[in-house]
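What follows is one structure encoded as structure tokens, with my remarks underneath.
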Amino acid sequence: MSEAAGKVYLIGAGPGDPGLFTLKGKRCLGEADVVVYDYLANPRLLRYAKPGAELIYVGKQAGTHTLPQEEIGRLLVARAREGKAVARLKGGDPFIFGRGGEEAEELAAARIPFEVVPGVTAAVAAPAYAGIPLTHRDFTSTVAFVTGHEDPTKDETGIAWDKIATGIGTLVFFMGIGQLPEIVEKLVRHGRAPATPAAVVRWGTRAEQEVVTGTLENLAEKCQGMKPPALIVVGEVVALREKLRWFETLPLSGRRILITRAREQASGFAAVLEAAGAEVVEFPTIGIAPPESWAPLDAAVARLREYQWVIFTSRNGVRFFWERLQAAGRDIRDLAGITVCAIGPATAAALLSVGIRADLVPTEFKAEALIEAIQAVFGAGAIAGSRVLLARAAEAREVIPEELGRRGAQVDVVAAYRTIRSASDADAVRAMLREGKIHAVTFTSSSTVKHFLDLVGGEAEVLLRGVVVASIGPITAQTAAQHGIVSHIVPENYTIPALAEALVGHFRAARP
Ligand code: SAH
């Protein structure tokens, strides 16, 4: 082999909940030049791909193959031969009914180096999220994974129905929902008791998770019209769901929530929502970029000692100010004697993380309240005649500088960063909104509203009908209202934790 050696990683993406993706899978995905992914691999994992990596969707919904299996194999070989690192991301575990074995065989035949990164198979995860332990000392000591969709070209069955019907405690059928009546009939015909508990788990671990329980006798009837992907679980352990169901009891389970804030800021918010059971879709509408020029901020940093006040209105402002302070070879001692204000707790936390305790954080987290707080704490005349540095986004509201100016302060407003529109996949989000797959949309600033509308386009207002809109505070809600979008949720505190809590409260109340 003369080519530069590429490599293929066959990676298990897990069952859907992105939290069930493995650390090794994440690392390999992050190193890949090309990512080839399936229908069942949650696209949210693609955020771990290297920026600029080639992303290739090879579909594969039951029946409709976007790319035939042989071509997937050829694609992997071709890209690896170009010397590329290829991540082949497959739903669940690659070697459990995922044709990962065949793909590996092709790679081996072509002498392409490969590694297999196991994933959490749906057979384990979907029952777990349904509250069904696959084994249990009191009920069963054996479990089998069975295909419910045998190769239709096979004349004879590869499944020893007589043996599995009675010889195995718990049976998990993949790809069997279309053949559910035949499967239960065969099990009963081969000796399994008709009263055996059985369940179907559809879209396990995802917002759409649906669980139907019954017995071999009545399950097929109860599941009429159900579509893949679903697993059939048969055995006494299914009865434990009664006691052990947990996922459905989380306040946000079954809810898919769109986060529109910048990618680098989304993870904390996403984590809180996911902990409450939500499925999060990240749709970064804005990105945080350095200002057009550092000169104004650098100049302000150079004359820092001339200021009596420094005001920060966001974490990004703190971050870039701190970067430029360091770049100038200086540190927090240059802030000695200066009163530092933060608009809210997240900004104050960002300051604290670089060793600066904010002298003032207003109780209401918006510009007007900051002015009031300054006067309340330091006296009405505190500002007059003083010099104030306001390090913030290039395109922010003018309330703070105008109000401070009116009170006799000399305010230097410097752009510490810019918010720019992010190049996000609006088609995918439009499709999800149209299909009713998004249950709530969150706006965490006026710019997220504006850029969301720009990205989603003219039909945004229509697409948002029936969707819960959560805005972080009154200014954001007002911007939304100006575009005809009513905010159903506006928390009393204008913070991310309060917004998450308000979403939990809203959906808990909506639960039947
Ligand atoms: N390699 C995958 C299975 C691929 S075969 C794994 O280890 O999970 C595809 C079948 O897997 C589907 O038809 C369905 O039976 C099952 N499946 C995959 N994800 C599922 C999910 N989230 N919930 C229920 N069943 C799922």
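The values are calculated or read from the model by the stated rules, or taken from the named source; none is laboratory data. Since the model is a prediction, treat every value here as computed from it, not as a measurement. Cβ coordinates were reconstructed from backbone atoms using ideal geometry, including for glycine residues, and neighbour counts include every protein chain displayed. In case anyone asks, the SASA skips ligands and DNA or RNA and just uses the protein heavy atoms, side chains included. Shrake-Rupley method; radii C 1.70, N 1.55, O 1.52, S 1.80 Å.
Points worth noting:
- Of residues in the stretch 408-429 being assigned to a loop (DSSP other than H, G, I, E, B) and modelled with pLDDT of 90 or more, the one surrounded by the fewest Cβ atoms within 10 Å (Cβ to Cβ): GLY408
- Hits in the stretch 379-407 (condition: in a strand (DSSP E or B) and aliphatic (A, V, I, L, M)): VAL388, LEU389, LEU390, ALA391, ALA393
- Of all residues making up the stretch 106-123, the number that are within 16 Å of the ligand (Cβ to nearest atom) and surrounded by fewer than 20 Cβ atoms within 10 Å (Cβ to Cβ): 2
- Residues satisfying the stated conditions in the stretch 396-410, i.e. touching a residue at least 40 places away in the same chain (Cβ under 8 Å) and of a type in the set (Val, Ile, Thr): ILE400
- Candidate set: the stretch 361-405, residues that are among the β-branched types (Val, Ile, Thr) and farther than 27 Å from ILE288 by Cβ; chosen: the one surrounded by the fewest Cβ atoms within 10 Å (Cβ to Cβ): VAL377
- Of the residues making up the stretch 44-59, those that are open to solvent by 60 Å² or more (accessible area, probe 1.4 Å) and under 18 Å from ILE72 (Cα atoms) are GLU54, LEU55, TYR57.
- Criterion violated by GLY101 - all others in (1) more than 16 Å from the ligand (Cβ to nearest atom); (2) more than 19 Å from VAL34 (Cα to Cα) satisfied: (1)
- PHE145 within 12 Å of the ligand (Cβ to nearest atom) and either buried (at least 22 other Cβ atoms within 10 Å of the Cβ) or hydroxyl-bearing (Ser, Thr, Tyr) (or both): no
- Contact map, the stretch 240-252: residues that are within 18 Å of ALA278 (Cβ to Cβ) paired with residues that are open to solvent by 20 Å² or more (accessible area, probe 1.4 Å), Cβ distance under 7 Å, separation 6+ or inter-chain. Pairs shown: PHE247/TYR129; PHE247/GLN209; PRO251/VAL504; PRO251/ARG508; LEU252/VAL504.
- Pair list, Cβ under 7 Å, 6 or more apart: the stretch 106-135 residue closer than 18 Å to ALA78 by Cα and in a helix (DSSP H, G or I), other residue open to solvent by 50 Å² or more (accessible area, probe 1.4 Å) and not hydroxyl-bearing (Ser, Thr, Tyr): LEU107/PHE114
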